[in-house]
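Where a number appears in this text, it was derived from the coordinates with a stated rule and is not lab data. Because the structure is a prediction, the values reported are computed rather than measured. Please note: Cβ atoms are built from the backbone with ideal geometry, for glycine as well, and neighbour counts cover all protein chains shown.
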Amino acid sequence: MGRLESEVWSPSIPRKLYIFASHLSHSNVMALKVLLKSIKTDEIAVWEYTNNPNEAAAILIDADSKEGALQLEEWVRKKNYQVLIAFSNRAVAFPEGVLVLPRPLRSAELFPLLQQASRRFLHILQSLQDQPDIAFCPSLQQDLADQKATKVASVLTRPRRVLEILHGNRNKILKVADRSMRTVFFDTEKHYYYTVDLVRTEIENLLTSTIENVQTKEIDRRQLETETQSLKAQDLDPLLWAVALAISTDGQLFHSLSFSESYRLNRWPDLKKLGSNALHLKFAAMLRQECTISYMADVAKISIDEAVSFINACYSLNYLERQETSVVSLQARTQKTPANADKISLFSRIRRRLGI
């Protein structure tokens, strides 16, 4: 049987790092997200935006606001693992170790500063084994207490879930067992699953489990037919769709997806079968053309988390085509968006995208 797809990080592969913004205006946050999409991967890291400060390698703080200045002082005292960046034009001396990004937010200053931040962050990880008293954020303290610096990278990386393993091994047949050896057969080629041991909610829990909690084996079609001859085939797509949406509420993309890419549907999702809402229909209409996650959220006037959930769900069912997007194309696409886009009827937009 073929080897299951796995994801291994090595020093020769650029590491994905995340930046969190604190006390920045909405327009500056949006500008930051756009600029991050234009940053090309270097030999050290590729940067993405996150809404979760606990997973951020760097935190950008508006130090010109009273609240931001106080928060910066507090984080400096805590000596967390994150690289702190002051967004400021004030002629003041910031604490040692704090990087400074001048206003306004521009790529000429941001890009080299992030390169400096990535090297500083990875240096911190490298030196942890020699500095065990560094105060990390509460969510990581217990994990890091017993680990060396060489294992910190895996702690800060999101765990891979069984759902993502199914996607990485599409068109294969996988036999997945939980710790109690209860088994589910996933025929990702024909989009069916079989089980005698688990009910729907238990299968959902299995799919959201990390890969360390299950045993996964690829089998051939003859073995599947032998082991499932008395079992009823059940539609896999609604299950994958529901689980993908359920585990995407934190606004985090699945592994291998990126905010620096644009997406397009390669086929229209059967939303009647999958169960959906008006927002999902709106997203599907947008994705008839290539667009970014930020663009989806901006046009729909909703939080980016909603757009991420839909992209993750479409990804789990292989509905997406992906392409790297430059900041120029992003800006051009935004300028073409009519000011009254939200007033145009949904079906008018669908007809326009289909060329009808």
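Taken one residue at a time, the phi angles of region 81-87 give Karplus couplings (6.51, -1.76, 1.60, θ = phi - 60°) of 6, 5, 7, 9, 10, 8, 8 Hz. Gly and Pro are set to x.
Site pair Arg120 and Glu67 shows an inter-label distance of 2.4 nm when each label is modelled 7 Å from Cα along Cα→Cβ.
Close amide H contacts of Tyr18 (hydrogens built in the peptide plane, cut-off under 5 Å, sequence separation of 5 or more or a different chain): Glu48, Ala57, Ala58. About its Cα centre, the dipole of region 196-240 is roughly 120 debye, where the only charges are +1 on Lys and Arg Cβ and -1 on Asp and Glu Cβ.
Amide H contacts under 5 Å for Thr292: Tyr263, restricted to partners 5 or more places along the chain or on a different chain, H placed in the peptide plane at 1.01 Å from N. Based on every Cα atom in region 176-286, Rg and the maximum pairwise Cα distance Dmax equal 16.0, 46 Å. Between Ser256 and Ile302, the simple label model (points 7 Å from Cα in the Cβ direction) yields a spacing of 2.6 nm. For the pair Thr249 and Arg288, label points projected 7 Å from Cα toward Cβ lie 3.3 nm apart.
Values of log10 I(q)/I(0) for region 162-235 across q = 0.14, 0.16, 0.18, 0.19 Å⁻¹ run -0.37, -0.49, -0.64, -0.71, by the Debye formula with one identical scatterer at each alpha carbon and no solvent.
Hey, fewest Cβ within 10 Å first, where do Ser107, Ser65, Ser260, Ser25 land in order? All intermediate terms of the calculation are to be shown ahead of the outcome.
On the way: Ser107 14, Ser65 17, Ser260 22, Ser25 11.
Least crowded to most crowded, the residues run Ser25, Ser107, Ser65, Ser260.
In this Cβ point-charge picture (+1 for Lys and Arg, -1 for Asp and Glu), region 162-235 has a dipole of about 140 debye about its Cα centre. Sorted on the mean count of surrounding Cβ atoms within 10 Å across their residues, most packed first, peptides 95-101, 234-240, 82-88 read 82-88, 234-240, 95-101. As a proxy for reagent exposure, ranking Thr201, Thr195 by other Cβ atoms within 10 Å from fewest up yields Thr201, Thr195.
Loop-located GluC sites (Glu not before Pro) across region 166-244 with a Cβ neighbour count of 16 or fewer within 10 Å are Glu189, with loop assigned by DSSP. Using θ = phi - 60° in the Karplus curve 6.51 cos²θ - 1.76 cosθ + 1.60, the 3J(HN,Hα) couplings for region 244-258 round to 4, 5, 5, 9, 10, 5, 8, x, 9, 6, 5, 3, 6, 7, 8 Hz; x is entered for Gly and Pro. Positive-end ranking of Leu166, Ile203, Phe185 along the dipole of region 162-235, with charges on Cβ about the Cα centre, is headed by Phe185. Across region 264-275, computed HN-Hα scalar couplings (Karplus, 6.51 cos²θ - 1.76 cosθ + 1.60, θ = phi - 60°) run 8, 6, 8, 7, 7, x, 7, 5, 5, 6, 6, x Hz from first to last residue, x flagging Gly and Pro.
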